[in-house]
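The values are calculated or read from the model by the stated rules, or taken from the named source; none is laboratory data. Quantities reported herein were computed from a predicted structural model and do not represent experimental measurements. Virtual Cβ from ideal backbone geometry, glycine too; neighbours counted across all protein chains shown.
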Amino acid sequence: MASLTIRKLDDAVKTYLRLRSAKNRRSVEEEVRVILRELIEGREEPLTPFAVPPAAPTVGPTPQRTGAVPEASVTLIIGGGIAAYKSLDLIRRLKERRIEVRCVLTKAAQQFVTPLAVSALSHERVYSDLFDPQSEFDAGHIRLARECDMIVVAPATADLMAKMANGHADDLASAILLATNRKILLAPAMNPLMWNNAATRRNVAQLQRDGVVLIGPNSGEMAEAGEAGIGRMSEAIEIATAAERLLRPPVPRPLAGKRVLITAGPTHEPIDPVRYIANRSSGKQGFAIAAAAQAAGAEVILVSGPVGLDDPQGVTVKHVESARQMLEQVQAALPADIAIFAAAVADWRVANEGEQKLKKTSAGMPPLQLVENPDILATISKLTDKRPPLVIGFAAETEHLIDNAKAKIARKGCDWIVANDVSPATGVMGGDRNTVHLLTRDGGEISVDSWPVMTKEQVAVELIAHIAKAVANNTAKRETAT
Ligand code: C5P
(Lines give C-alpha, C1' and ligand atoms only; values in the text may rest on other atoms or scores of the structure.)
Protein backbone atom coordinates (compact mmCIF):
# COMPACT_ATOMS: atom_id res chain seq x y z
CA MET A 1 0.00 0.00 0.00
CA ALA A 2 1.28 3.47 -0.82
CA SER A 3 1.49 5.99 1.99
CA LEU A 4 0.61 9.64 1.68
CA THR A 5 2.60 12.44 3.29
CA ILE A 6 0.18 15.28 3.90
CA ARG A 7 3.09 17.70 4.39
CA LYS A 8 4.08 17.15 0.76
CA LEU A 9 0.69 18.01 -0.76
CA ASP A 10 0.06 21.28 -2.63
CA ASP A 11 -0.53 24.30 -0.38
CA ALA A 12 -4.08 24.72 -1.69
CA VAL A 13 -4.91 21.08 -0.91
CA LYS A 14 -3.32 21.38 2.55
CA THR A 15 -5.29 24.53 3.31
CA TYR A 16 -8.54 22.88 2.17
CA LEU A 17 -7.81 19.82 4.30
CA ARG A 18 -6.88 21.94 7.31
CA LEU A 19 -10.07 24.02 7.09
CA ARG A 20 -12.31 21.02 6.43
CA SER A 21 -10.80 18.92 9.23
CA ALA A 22 -11.00 21.85 11.69
CA LYS A 23 -14.63 22.39 10.73
CA ASN A 24 -15.44 18.72 11.20
CA ARG A 25 -13.28 18.48 14.32
CA ARG A 26 -11.22 15.64 12.93
CA SER A 27 -7.50 15.21 12.46
CA VAL A 28 -6.30 15.97 8.92
CA GLU A 29 -5.46 12.29 8.51
CA GLU A 30 -8.97 11.22 9.45
CA GLU A 31 -10.46 13.82 7.14
CA VAL A 32 -8.49 12.33 4.24
CA ARG A 33 -9.90 8.91 5.14
CA VAL A 34 -13.45 10.30 5.23
CA ILE A 35 -12.98 11.98 1.83
CA LEU A 36 -11.66 8.76 0.31
CA ARG A 37 -14.48 6.73 1.83
CA GLU A 38 -17.08 9.19 0.51
CA LEU A 39 -15.46 9.03 -2.89
CA ILE A 40 -15.55 5.24 -2.98
CA GLU A 41 -19.10 4.99 -1.63
CA GLY A 42 -20.34 7.67 -4.01
CA ARG A 43 -18.92 5.92 -7.11
CA GLU A 44 -21.37 4.28 -9.45
CA GLU A 45 -18.76 2.49 -11.56
CA PRO A 46 -17.31 -0.57 -9.86
CA LEU A 47 -13.60 -0.18 -9.23
CA THR A 48 -12.02 -3.16 -10.97
CA PRO A 49 -9.90 -5.16 -10.80
CA PHE A 50 -8.76 -4.19 -7.32
CA ALA A 51 -12.14 -3.14 -5.96
CA VAL A 52 -12.50 -2.44 -2.27
CA PRO A 53 -15.58 -4.44 -1.33
CA PRO A 54 -18.30 -2.00 -0.23
CA ALA A 55 -19.25 -2.52 3.39
CA ALA A 56 -22.60 -4.18 2.66
CA PRO A 57 -24.90 -4.07 5.64
CA THR A 58 -25.22 -7.46 7.24
CA VAL A 59 -28.54 -6.35 8.64
CA GLY A 60 -30.95 -3.53 8.04
CA PRO A 61 -31.37 -1.11 5.18
CA THR A 62 -28.67 0.29 2.95
CA PRO A 63 -27.14 3.31 4.67
CA GLN A 64 -28.84 6.54 3.54
CA ARG A 65 -26.51 9.39 2.66
CA THR A 66 -28.00 12.72 3.60
CA GLY A 67 -25.39 14.82 1.81
CA ALA A 68 -24.92 17.02 4.89
CA VAL A 69 -21.40 16.97 6.25
CA PRO A 70 -21.55 15.41 9.71
CA GLU A 71 -19.74 17.46 12.28
CA ALA A 72 -18.76 14.66 14.63
CA SER A 73 -19.02 10.93 14.90
CA VAL A 74 -19.57 8.51 17.72
CA THR A 75 -19.23 4.76 18.06
CA LEU A 76 -22.13 3.76 20.30
CA ILE A 77 -21.70 0.48 22.14
CA ILE A 78 -25.02 -0.87 23.34
CA GLY A 79 -24.61 -3.22 26.26
CA GLY A 80 -27.02 -5.93 27.35
CA GLY A 81 -29.52 -4.49 29.79
CA ILE A 82 -33.15 -3.52 29.87
CA ALA A 83 -32.08 0.15 29.42
CA ALA A 84 -30.89 -0.75 25.91
CA TYR A 85 -34.29 0.38 24.62
CA LYS A 86 -33.30 3.96 25.57
CA SER A 87 -30.30 3.69 23.24
CA LEU A 88 -32.66 3.76 20.28
CA ASP A 89 -33.76 7.23 21.41
CA LEU A 90 -30.12 8.12 22.09
CA ILE A 91 -29.23 7.42 18.44
CA ARG A 92 -31.94 9.87 17.37
CA ARG A 93 -30.84 12.50 19.91
CA LEU A 94 -27.22 12.26 18.75
CA LYS A 95 -28.18 12.53 15.10
CA GLU A 96 -30.32 15.59 15.87
CA ARG A 97 -27.08 17.17 17.09
CA ARG A 98 -25.33 16.35 13.79
CA ILE A 99 -23.39 13.55 15.38
CA GLU A 100 -22.97 10.51 13.14
CA VAL A 101 -23.54 7.23 15.00
CA ARG A 102 -22.13 3.78 14.28
CA CYS A 103 -23.47 1.13 16.61
CA VAL A 104 -21.98 -1.96 18.14
CA LEU A 105 -24.27 -4.40 19.89
CA THR A 106 -22.95 -6.86 22.43
CA LYS A 107 -24.35 -10.38 22.27
CA ALA A 108 -26.49 -9.68 25.34
CA ALA A 109 -27.75 -6.38 23.90
CA GLN A 110 -29.35 -8.32 21.04
CA GLN A 111 -31.71 -9.85 23.60
CA PHE A 112 -33.13 -6.36 24.21
CA VAL A 113 -32.91 -4.49 20.89
CA THR A 114 -32.66 -5.83 17.37
CA PRO A 115 -29.80 -5.01 15.00
CA LEU A 116 -32.49 -4.16 12.44
CA ALA A 117 -33.99 -1.39 14.60
CA VAL A 118 -30.56 0.00 15.46
CA SER A 119 -29.47 -0.05 11.82
CA ALA A 120 -32.69 1.61 10.65
CA LEU A 121 -32.24 4.43 13.16
CA SER A 122 -28.53 4.96 12.68
CA HIS A 123 -28.66 4.53 8.88
CA GLU A 124 -25.49 2.50 9.22
CA ARG A 125 -24.68 -1.18 9.33
CA VAL A 126 -24.52 -2.59 12.85
CA TYR A 127 -21.47 -4.38 14.18
CA SER A 128 -21.58 -7.17 16.70
CA ASP A 129 -19.04 -9.85 15.96
CA LEU A 130 -15.31 -9.55 16.61
CA PHE A 131 -14.71 -12.31 14.09
CA ASP A 132 -16.99 -10.93 11.36
CA PRO A 133 -14.99 -11.49 8.14
CA GLN A 134 -16.94 -8.62 6.49
CA SER A 135 -15.55 -5.99 8.79
CA GLU A 136 -12.42 -7.69 10.08
CA PHE A 137 -10.77 -7.98 6.66
CA ASP A 138 -9.38 -4.54 7.40
CA ALA A 139 -9.25 -4.67 11.21
CA GLY A 140 -12.78 -3.38 11.69
CA HIS A 141 -12.54 -3.21 15.47
CA ILE A 142 -9.59 -0.85 15.17
CA ARG A 143 -11.51 1.33 12.74
CA LEU A 144 -14.56 1.40 14.99
CA ALA A 145 -12.24 2.33 17.86
CA ARG A 146 -10.45 5.14 16.05
CA GLU A 147 -12.60 6.43 13.18
CA CYS A 148 -14.83 8.34 15.49
CA ASP A 149 -14.47 11.29 17.80
CA MET A 150 -15.77 9.50 20.85
CA ILE A 151 -17.08 6.20 22.15
CA VAL A 152 -20.33 6.13 24.09
CA VAL A 153 -21.33 3.02 26.02
CA ALA A 154 -25.04 2.96 26.84
CA PRO A 155 -26.10 1.02 28.73
CA ALA A 156 -22.73 0.31 30.34
CA THR A 157 -23.40 -2.89 32.23
CA ALA A 158 -21.48 -4.01 35.32
CA ASP A 159 -19.91 -6.72 33.21
CA LEU A 160 -18.74 -4.35 30.43
CA MET A 161 -17.29 -1.97 33.01
CA ALA A 162 -15.47 -4.83 34.74
CA LYS A 163 -14.00 -5.91 31.42
CA MET A 164 -12.89 -2.37 30.66
CA ALA A 165 -11.36 -1.81 34.08
CA ASN A 166 -9.34 -4.99 33.67
CA GLY A 167 -8.40 -4.61 30.00
CA HIS A 168 -10.29 -7.59 28.59
CA ALA A 169 -10.86 -7.84 24.84
CA ASP A 170 -12.78 -11.05 24.24
CA ASP A 171 -15.63 -9.58 22.19
CA LEU A 172 -16.06 -6.72 19.74
CA ALA A 173 -17.22 -4.15 22.33
CA SER A 174 -14.39 -4.77 24.80
CA ALA A 175 -11.81 -5.00 21.97
CA ILE A 176 -12.92 -1.57 20.69
CA LEU A 177 -12.78 -0.09 24.17
CA LEU A 178 -9.26 -1.43 24.66
CA ALA A 179 -8.05 -0.33 21.22
CA THR A 180 -9.38 3.21 21.28
CA ASN A 181 -7.51 6.42 21.87
CA ARG A 182 -10.72 8.45 21.87
CA LYS A 183 -12.69 9.84 24.80
CA ILE A 184 -15.07 7.34 26.36
CA LEU A 185 -18.42 8.23 27.90
CA LEU A 186 -20.18 5.54 29.93
CA ALA A 187 -23.84 5.58 30.90
CA PRO A 188 -24.00 2.85 33.54
CA ALA A 189 -27.22 0.96 34.10
CA MET A 190 -27.60 -1.85 36.60
CA ASN A 191 -29.40 -3.00 39.69
CA PRO A 192 -28.61 -0.78 42.75
CA LEU A 193 -27.01 -3.73 44.55
CA MET A 194 -24.70 -4.34 41.61
CA TRP A 195 -23.85 -0.61 41.45
CA ASN A 196 -23.01 -0.57 45.15
CA ASN A 197 -21.11 -3.83 45.11
CA ALA A 198 -17.47 -3.44 46.17
CA ALA A 199 -16.26 -4.89 42.85
CA THR A 200 -18.24 -2.32 40.83
CA ARG A 201 -17.05 0.48 43.13
CA ARG A 202 -13.43 -0.59 42.47
CA ASN A 203 -14.04 -0.76 38.72
CA VAL A 204 -15.72 2.65 38.61
CA ALA A 205 -12.83 4.21 40.56
CA GLN A 206 -10.32 2.56 38.20
CA LEU A 207 -12.18 3.73 35.08
CA GLN A 208 -12.34 7.29 36.41
CA ARG A 209 -8.60 7.18 37.08
CA ASP A 210 -8.17 6.03 33.47
CA GLY A 211 -9.93 9.18 32.25
CA VAL A 212 -13.26 7.59 31.35
CA VAL A 213 -16.22 9.93 31.86
CA LEU A 214 -19.42 8.68 33.48
CA ILE A 215 -22.92 10.07 33.21
CA GLY A 216 -25.34 8.81 35.83
CA PRO A 217 -26.63 6.43 36.86
CA ASN A 218 -29.73 8.16 38.19
CA SER A 219 -31.75 6.96 41.08
CA GLY A 220 -35.28 5.72 40.63
CA GLU A 221 -37.44 2.68 40.08
CA MET A 222 -35.80 -0.42 38.65
CA ALA A 223 -37.28 -2.74 36.04
CA GLU A 224 -37.32 -5.39 38.75
CA ALA A 225 -40.64 -5.05 40.57
CA GLY A 226 -40.41 -3.21 43.87
CA GLU A 227 -36.72 -2.28 43.57
CA ALA A 228 -35.47 1.30 43.59
CA GLY A 229 -32.17 3.07 44.12
CA ILE A 230 -29.16 4.28 42.16
CA GLY A 231 -28.72 2.35 38.93
CA ARG A 232 -31.16 3.70 36.33
CA MET A 233 -29.45 4.70 33.11
CA SER A 234 -29.50 8.47 32.44
CA GLU A 235 -32.14 9.59 29.98
CA ALA A 236 -31.16 9.65 26.30
CA ILE A 237 -31.27 13.45 26.22
CA GLU A 238 -28.90 13.68 29.21
CA ILE A 239 -26.44 11.30 27.56
CA ALA A 240 -26.63 13.12 24.23
CA THR A 241 -26.05 16.47 25.96
CA ALA A 242 -23.05 15.08 27.86
CA ALA A 243 -21.66 13.58 24.64
CA GLU A 244 -22.06 16.90 22.84
CA ARG A 245 -20.35 18.78 25.66
CA LEU A 246 -17.37 16.44 25.44
CA LEU A 247 -17.25 16.59 21.66
CA ARG A 248 -17.75 20.32 21.40
CA PRO A 249 -16.56 21.84 24.65
CA PRO A 250 -17.80 25.43 25.01
CA VAL A 251 -15.28 27.67 23.31
CA PRO A 252 -14.04 30.56 25.42
CA ARG A 253 -15.29 33.83 23.95
CA PRO A 254 -13.14 36.45 25.66
CA LEU A 255 -14.15 39.18 23.21
CA ALA A 256 -17.89 38.62 23.48
CA GLY A 257 -19.70 41.97 23.42
CA LYS A 258 -16.70 43.77 21.87
CA ARG A 259 -16.78 45.41 18.46
CA VAL A 260 -13.53 45.00 16.52
CA LEU A 261 -12.73 47.00 13.41
CA ILE A 262 -10.00 45.67 11.11
CA THR A 263 -8.47 46.89 7.87
CA ALA A 264 -6.72 44.46 5.52
CA GLY A 265 -5.19 44.07 2.09
CA PRO A 266 -3.70 46.59 -0.27
CA THR A 267 -5.40 49.63 -1.72
CA HIS A 268 -5.63 50.31 -5.42
CA GLU A 269 -5.09 53.93 -6.37
CA PRO A 270 -6.47 54.65 -9.83
CA ILE A 271 -4.30 56.24 -12.51
CA ASP A 272 -7.09 56.10 -15.08
CA PRO A 273 -10.17 53.85 -15.51
CA VAL A 274 -8.01 50.78 -16.25
CA ARG A 275 -4.71 51.31 -14.43
CA TYR A 276 -3.85 51.65 -10.78
CA ILE A 277 -1.00 51.81 -8.27
CA ALA A 278 -0.95 48.85 -5.89
CA ASN A 279 1.30 46.86 -3.56
CA ARG A 280 1.97 43.19 -2.87
CA SER A 281 -0.18 42.82 0.26
CA SER A 282 -2.30 39.64 0.13
CA GLY A 283 -4.61 40.57 3.02
CA LYS A 284 -3.96 37.15 4.63
CA GLN A 285 -2.82 38.54 7.98
CA GLY A 286 -5.76 40.94 8.37
CA PHE A 287 -8.25 38.24 7.32
CA ALA A 288 -6.73 35.78 9.80
CA ILE A 289 -7.07 38.40 12.56
CA ALA A 290 -10.71 38.97 11.61
CA ALA A 291 -11.40 35.22 11.79
CA ALA A 292 -9.61 34.91 15.14
CA ALA A 293 -11.48 37.89 16.60
CA GLN A 294 -14.78 36.43 15.40
CA ALA A 295 -13.89 33.06 16.95
CA ALA A 296 -13.18 34.90 20.21
CA GLY A 297 -16.76 36.14 20.20
CA ALA A 298 -16.27 39.67 18.88
CA GLU A 299 -18.51 41.47 16.42
CA VAL A 300 -16.07 42.06 13.57
CA ILE A 301 -16.13 44.62 10.77
CA LEU A 302 -13.43 44.04 8.20
CA VAL A 303 -12.68 46.79 5.70
CA SER A 304 -10.71 45.16 2.94
CA GLY A 305 -8.90 46.38 -0.12
CA PRO A 306 -8.91 44.18 -3.26
CA VAL A 307 -7.78 40.65 -2.28
CA GLY A 308 -8.29 37.14 -3.59
CA LEU A 309 -9.61 35.73 -0.32
CA ASP A 310 -13.03 34.47 0.74
CA ASP A 311 -14.82 36.61 3.31
CA PRO A 312 -14.32 35.08 6.78
CA GLN A 313 -17.48 33.51 8.17
CA GLY A 314 -19.51 35.59 10.58
CA VAL A 315 -17.63 38.80 9.77
CA THR A 316 -19.13 41.92 8.18
CA VAL A 317 -16.87 42.73 5.26
CA LYS A 318 -16.79 46.08 3.47
CA HIS A 319 -14.93 45.83 0.18
CA VAL A 320 -13.15 48.97 -0.98
CA GLU A 321 -10.52 49.88 -3.53
CA SER A 322 -8.79 53.09 -2.58
CA ALA A 323 -7.40 54.56 0.65
CA ARG A 324 -10.06 57.25 0.68
CA GLN A 325 -12.84 54.68 0.41
CA MET A 326 -11.17 52.68 3.18
CA LEU A 327 -11.11 55.71 5.49
CA GLU A 328 -14.76 56.41 4.72
CA GLN A 329 -15.80 52.84 5.64
CA VAL A 330 -13.64 52.88 8.77
CA GLN A 331 -15.23 56.12 9.95
CA ALA A 332 -18.70 54.75 9.17
CA ALA A 333 -17.95 51.65 11.27
CA LEU A 334 -17.12 53.60 14.44
CA PRO A 335 -17.57 53.38 17.37
CA ALA A 336 -15.47 50.29 18.03
CA ASP A 337 -13.77 48.89 21.11
CA ILE A 338 -10.68 47.78 19.27
CA ALA A 339 -9.29 48.87 15.90
CA ILE A 340 -6.57 46.92 14.12
CA PHE A 341 -5.09 48.52 11.02
CA ALA A 342 -3.40 45.73 9.12
CA ALA A 343 -3.98 47.12 5.62
CA ALA A 344 -1.04 48.12 3.45
CA VAL A 345 -2.56 51.44 2.51
CA ALA A 346 -0.89 53.17 -0.43
CA ASP A 347 0.85 56.27 0.86
CA TRP A 348 0.17 58.20 -2.33
CA ARG A 349 -2.47 58.45 -4.96
CA VAL A 350 -2.45 60.06 -8.38
CA ALA A 351 -3.55 63.67 -8.15
CA ASN A 352 -4.67 64.02 -11.74
CA GLU A 353 -6.54 60.72 -12.20
CA GLY A 354 -7.47 60.40 -15.88
CA GLU A 355 -11.16 60.21 -16.64
CA GLN A 356 -10.34 58.35 -19.87
CA LYS A 357 -7.65 55.77 -20.50
CA LEU A 358 -4.33 57.57 -20.91
CA LYS A 359 -2.96 57.19 -24.44
CA LYS A 360 0.61 56.68 -25.55
CA THR A 361 1.62 59.80 -27.42
CA SER A 362 4.74 60.95 -29.20
CA ALA A 363 4.98 63.65 -26.54
CA GLY A 364 6.32 60.99 -24.14
CA MET A 365 5.08 59.67 -20.82
CA PRO A 366 2.17 61.43 -19.11
CA PRO A 367 3.30 63.15 -15.93
CA LEU A 368 1.92 61.34 -12.88
CA GLN A 369 1.60 63.73 -10.01
CA LEU A 370 1.25 62.04 -6.64
CA VAL A 371 -0.46 63.41 -3.55
CA GLU A 372 -0.45 61.93 -0.07
CA ASN A 373 -3.32 59.68 0.97
CA PRO A 374 -5.07 60.16 4.29
CA ASP A 375 -3.35 58.19 7.04
CA ILE A 376 -6.21 56.09 8.40
CA LEU A 377 -4.35 54.81 11.48
CA ALA A 378 -3.19 58.31 12.47
CA THR A 379 -6.60 59.83 11.78
CA ILE A 380 -8.43 57.34 13.99
CA SER A 381 -5.73 57.38 16.71
CA LYS A 382 -6.06 61.12 17.01
CA LEU A 383 -9.84 61.28 17.24
CA THR A 384 -11.07 62.88 20.40
CA ASP A 385 -14.57 61.52 20.74
CA LYS A 386 -14.89 58.24 18.84
CA ARG A 387 -11.31 56.97 19.31
CA PRO A 388 -11.46 53.22 20.01
CA PRO A 389 -9.93 52.48 23.45
CA LEU A 390 -7.33 50.20 21.84
CA VAL A 391 -5.83 51.17 18.48
CA ILE A 392 -3.28 48.83 16.90
CA GLY A 393 -1.19 49.55 13.82
CA PHE A 394 1.18 47.46 11.76
CA ALA A 395 4.70 48.39 10.78
CA ALA A 396 6.01 46.58 7.75
CA GLU A 397 9.67 47.52 7.51
CA THR A 398 12.67 46.37 5.55
CA GLU A 399 15.27 47.84 7.95
CA HIS A 400 15.64 49.14 11.54
CA LEU A 401 12.43 47.34 12.37
CA ILE A 402 12.09 48.03 16.11
CA ASP A 403 13.35 51.63 16.01
CA ASN A 404 11.04 52.49 13.15
CA ALA A 405 8.12 50.78 14.87
CA LYS A 406 8.77 52.69 18.12
CA ALA A 407 8.85 55.95 16.21
CA LYS A 408 5.64 54.96 14.45
CA ILE A 409 3.74 54.48 17.73
CA ALA A 410 4.61 58.04 18.70
CA ARG A 411 4.00 59.52 15.26
CA LYS A 412 0.66 57.85 14.62
CA GLY A 413 -0.59 58.04 18.20
CA CYS A 414 -1.67 54.38 18.37
CA ASP A 415 -1.38 52.09 21.41
CA TRP A 416 0.27 49.00 19.97
CA ILE A 417 2.25 48.21 16.85
CA VAL A 418 2.73 44.80 15.29
CA ALA A 419 6.09 45.13 13.57
CA ASN A 420 7.20 42.73 10.86
CA ASP A 421 10.17 42.49 8.57
CA VAL A 422 8.95 42.47 4.98
CA SER A 423 12.32 42.32 3.23
CA PRO A 424 11.88 40.17 0.08
CA ALA A 425 14.06 37.42 1.62
CA THR A 426 11.53 36.86 4.44
CA GLY A 427 8.72 35.92 2.03
CA VAL A 428 6.21 37.63 4.37
CA MET A 429 4.48 39.67 1.66
CA GLY A 430 1.97 37.28 0.10
CA GLY A 431 3.41 34.32 2.08
CA ASP A 432 1.83 32.22 4.82
CA ARG A 433 4.27 32.86 7.67
CA ASN A 434 5.21 35.92 9.63
CA THR A 435 7.79 36.90 12.24
CA VAL A 436 6.47 39.71 14.36
CA HIS A 437 7.31 41.85 17.35
CA LEU A 438 4.50 43.28 19.42
CA LEU A 439 5.22 46.77 20.72
CA THR A 440 2.88 47.92 23.46
CA ARG A 441 2.74 51.36 24.97
CA ASP A 442 1.84 51.84 28.59
CA GLY A 443 2.02 55.58 29.23
CA GLY A 444 5.45 56.63 27.96
CA GLU A 445 6.96 53.13 28.25
CA ILE A 446 7.16 50.91 25.17
CA SER A 447 7.75 47.17 25.64
CA VAL A 448 8.77 44.84 22.85
CA ASP A 449 7.66 41.21 22.75
CA SER A 450 9.34 39.23 19.95
CA TRP A 451 7.46 36.16 18.73
CA PRO A 452 8.96 33.18 16.93
CA VAL A 453 8.17 32.59 13.26
CA MET A 454 4.54 31.50 13.00
CA THR A 455 1.84 31.05 10.41
CA LYS A 456 -0.32 34.13 9.89
CA GLU A 457 -3.21 32.26 11.54
CA GLN A 458 -1.07 31.62 14.63
CA VAL A 459 0.02 35.28 14.73
CA ALA A 460 -3.66 36.24 14.56
CA VAL A 461 -4.64 33.92 17.40
CA GLU A 462 -1.72 35.14 19.53
CA LEU A 463 -2.57 38.80 18.88
CA ILE A 464 -6.22 38.21 19.78
CA ALA A 465 -5.11 36.42 22.98
CA HIS A 466 -3.00 39.49 23.94
CA ILE A 467 -5.94 41.76 23.18
CA ALA A 468 -8.30 39.60 25.24
CA LYS A 469 -5.85 39.76 28.15
CA ALA A 470 -5.61 43.56 27.90
CA VAL A 471 -9.40 43.85 27.73
CA ALA A 472 -9.76 41.63 30.82
CA ASN A 473 -7.10 43.64 32.72
CA ASN A 474 -8.84 46.90 31.87
CA THR A 475 -12.19 45.53 32.97
CA ALA A 476 -10.63 44.34 36.24
CA LYS A 477 -8.99 47.77 36.79
CA ARG A 478 -12.30 49.54 36.14
CA GLU A 479 -14.11 47.22 38.53
CA THR A 480 -11.61 47.82 41.36
CA ALA A 481 -11.81 51.58 40.80
CA THR A 482 -15.59 51.61 41.28
O1 C5P B 1 3.36 54.62 7.68
P2 C5P B 1 3.22 53.20 7.43
O3 C5P B 1 2.50 52.85 6.14
O4 C5P B 1 4.43 52.37 7.61
O5 C5P B 1 2.24 52.70 8.60
C6 C5P B 1 1.72 51.44 8.67
C7 C5P B 1 0.49 51.41 9.51
O8 C5P B 1 -0.31 52.53 9.23
C9 C5P B 1 -0.38 50.24 9.21
O10 C5P B 1 -1.09 49.90 10.38
C11 C5P B 1 -1.30 50.75 8.14
O12 C5P B 1 -2.51 50.04 8.08
C13 C5P B 1 -1.52 52.17 8.58
N14 C5P B 1 -1.71 53.12 7.48
C15 C5P B 1 -2.95 53.70 7.34
N16 C5P B 1 -3.14 54.63 6.36
C17 C5P B 1 -2.14 54.99 5.55
C18 C5P B 1 -0.89 54.41 5.70
C19 C5P B 1 -0.70 53.47 6.68
O20 C5P B 1 -3.88 53.34 8.08
N21 C5P B 1 -2.35 55.88 4.62
Residues that are at pLDDT 95 or above and of a type in the set (Asp, Glu): find the helices (runs of 4 or more DSSP H) completely inside the range 132-246 holding 1 or more of those. 158-166
For the range 356-368, does any single residue satisfy the condition of being within 33 Å of the chain's Cα centre (by Cα) and not acidic (Asp, Glu)? no
Taking strands (runs of 3 or more DSSP E) that fall entirely within the range 359-473, which contain at least 2 residues that are of a type outside the set (Gly, Ala, Ser) and away from the ligand (no atom under 14 Å from the Cβ)? 436-442, 445-450
Over the range 270-291, the set of residues surrounded by fewer than 24 Cβ atoms within 10 Å (Cβ to Cβ) and either more than 22 Å from LEU19 (Cα to Cα) or not assigned by TED's automatic domain parsing to the domain that holds VAL315 (or both) is PRO270, ILE271, ASP272, PRO273, VAL274, ARG275, TYR276, ILE277, ALA278, ASN279, ARG280
Could we say that LEU88 is in the same structural domain as ALA175 (by TED's automatic domain parsing), under 21 Å from SER174 (Cα atoms), touching a helix residue (DSSP H, G or I) at 6+ places or on another chain (Cβ under 8 Å) and surrounded by fewer than 21 Cβ atoms within 10 Å (Cβ to Cβ) here? yes
Six or more apart or on different chains, Cβ under 8 Å: which pairs go from a residue in the range 404-430 that's under 15 Å from ASP442 (Cα atoms) and assigned by TED's automatic domain parsing to the domain that holds THR455 to one that's more than 10 Å from the ligand (Cβ to nearest atom) and assigned to a loop (DSSP other than H, G, I, E, B)? Could you list them? ILE409/ASP415; GLY413/LYS382
Neighbours by Cβ (under 6 Å, 6+ apart or cross-chain): first from the range 373-390, in the same structural domain as GLN331 (by TED's automatic domain parsing); second near the ligand (Cβ under 7 Å from one of its atoms) and of a type in the set (Lys, Arg): LEU377/LYS412; ALA378/LYS412; SER381/LYS412
Filter pass, VAL350 being in contact with a helix residue (DSSP H, G or I) (Cβ under 6 Å, 6 or more places away or on another chain) and more than 9 Å from the ligand (Cβ to nearest atom): no
Quick check on the range 216-234. Is at least one of its residues among the basic types (Lys, Arg) and closer than 30 Å to ARG98 by Cβ? yes
Inside the range 79-104, the number of residues satisfying the requirement of being in a strand (DSSP E or B) and either on the phi > 0 side of the Ramachandran plot or in contact (Cβ under 8 Å) with a residue 60 or more places away in the chain (or both) is 2
Return the pair list, or none, for Cβ contacts closer than 6 Å from residues in the range 322-350 that are outside the structural domain of VAL461 (by TED's automatic domain parsing) and free of Cβ contacts under 8 Å to residues at least 40 places away in the same chain to residues that are buried (at least 18 other Cβ atoms within 10 Å of the Cβ) and not in a loop (DSSP other than H, G, I, E, B), at least 6 apart or on different chains. none
Could you figure out which of (1) of a type in the set (A, V, I, L, M); (2) over 22 Å from ARG232 (Cα atoms); (3) modelled with pLDDT of 70 or more isn't true of VAL52? (3)
Considering only residues that are part of a loop (DSSP other than H, G, I, E, B), within 15 Å of the ligand (Cβ to nearest atom) and out of contact with any Gly (no Cβ under 9 Å at 6 or more places or on another chain), look in the range 307-345 and name the one that is farthest from CYS414 (Cα to Cα). LEU334
